[in-house]
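Just below is one structure, and these are the notes that go with it.
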Amino acid sequence: MKIGVIDYGMGNLFSVTQALKKLNAEVILSSKPEELREADALILPGVGAFPDAMKRLQETGLDGFIRSEVKNGKPLLGICLGMQLLFEESEEVAPTNGFGFFEGKVVRFSGISEKGEKYRVPHMGWNSLTFHSVPDWLKGEQLPEDKHVYFVHSYYANTDSPQVVATADYFGVQVPGIVQNGNVCGMQFHPEKSGGFGVYLLKKWLQGVK
């Protein structure tokens, strides 16, 4: 199985590619659509600011390539910023449109809960996921009891869409952790850095690609 990791200059590519290789996936790490087109599925990683990421994707023509591949049914997984880019828009730095595969707007944590508690931004550390639905690639599975995953982000997708599969509670904010819409999936956390459960989720997503 070939997995294309999209290199647009804003991703933690090493940890993702190493995790995929450990799961016996053949990795195509590239910024070239003609090479990525050979993959069975695509992964859009991301670290940094939303507007910078969309600008780079547009400048390289990768935005059009991603839209075309998704339209043709190829599975796509967005990780961290890569997941946020899949939403309609973001308020980070300046209002910027995303891909629009998911409903909702990416907004910054306020730093103050509804109870008036101050909390740390960015949201950094381990949180447990609560599942609200089951995507096709997890159907029939008995999920592990420990569902902790590792987050590092200052912005989150503000949405009440049924496309949200799992959330994590952060001082009363229900942070979308996994989203799914057809062949497009997003994970706000870093599955490759999330211990046993993160590897489990990545493995099941890969098996779902088959």
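The values are calculated or read from the model by the stated rules, or taken from the named source; none is laboratory data. None of these values were measured; they are calculated from a predicted model. With ideal geometry, Cβ positions are generated from the backbone for all residues, glycine too; neighbour counts draw on all protein chains shown. Heads up: the accessible areas ignore ligands, DNA and RNA and are worked out on the full protein's heavy atoms, side chains in. Shrake-Rupley method; radii C 1.70, N 1.55, O 1.52, S 1.80 Å.
Can you tell me which residue in segment 153-171 is modelled with the highest pLDDT, limited to those that are of a type outside the set (D, E, K, R) and surrounded by fewer than 16 Cβ atoms within 10 Å (Cβ to Cβ)?
Per the stated criteria, the residue is 154.
Please find, among 174, 188, the residue that is more than 24 Å from residue 5 (Cβ to Cβ) and either open to solvent by 10 Å² or more (accessible area, probe 1.4 Å) or modelled with pLDDT of 95 or more (or both). Talk me through it step by step, then tell me what you get.
Details: 188 fails: more than 24 Å from residue 5 (Cβ to Cβ).
Exactly one of 174, 188 is more than 24 Å from residue 5 (Cβ to Cβ) and either open to solvent by 10 Å² or more (accessible area, probe 1.4 Å) or modelled with pLDDT of 95 or more (or both), namely 174.
Between a first residue in segment 2-24 that is under 25 Å from residue 50 (Cα atoms) and a second residue that is among the basic types (Lys, Arg) and open to solvent by 30 Å² or more (accessible area, probe 1.4 Å), which pairs have beta carbons less than 6 Å apart while being 6 or more apart in sequence or on different chains?
The qualifying pairs are 8/56; 9/56.
Could you tell me whether segment 91-111 includes any residue that is over 16 Å from the mean Cα position of the chain (by Cα), among the aromatic types (Phe, Trp, Tyr) and at pLDDT 95 or above? Show your work before the answer.
Of all residues in segment 91-111, those over 16 Å from the mean Cα position of the chain (by Cα) come to 91-97, 108-111.
From what is left, the residues that are among the aromatic types (Phe, Trp, Tyr) are 109.
If we keep only those that are at pLDDT 95 or above as well, we get 109.
Looking through segment 91-111, at least one residue is over 16 Å from the mean Cα position of the chain (by Cα), among the aromatic types (Phe, Trp, Tyr) and at pLDDT 95 or above.
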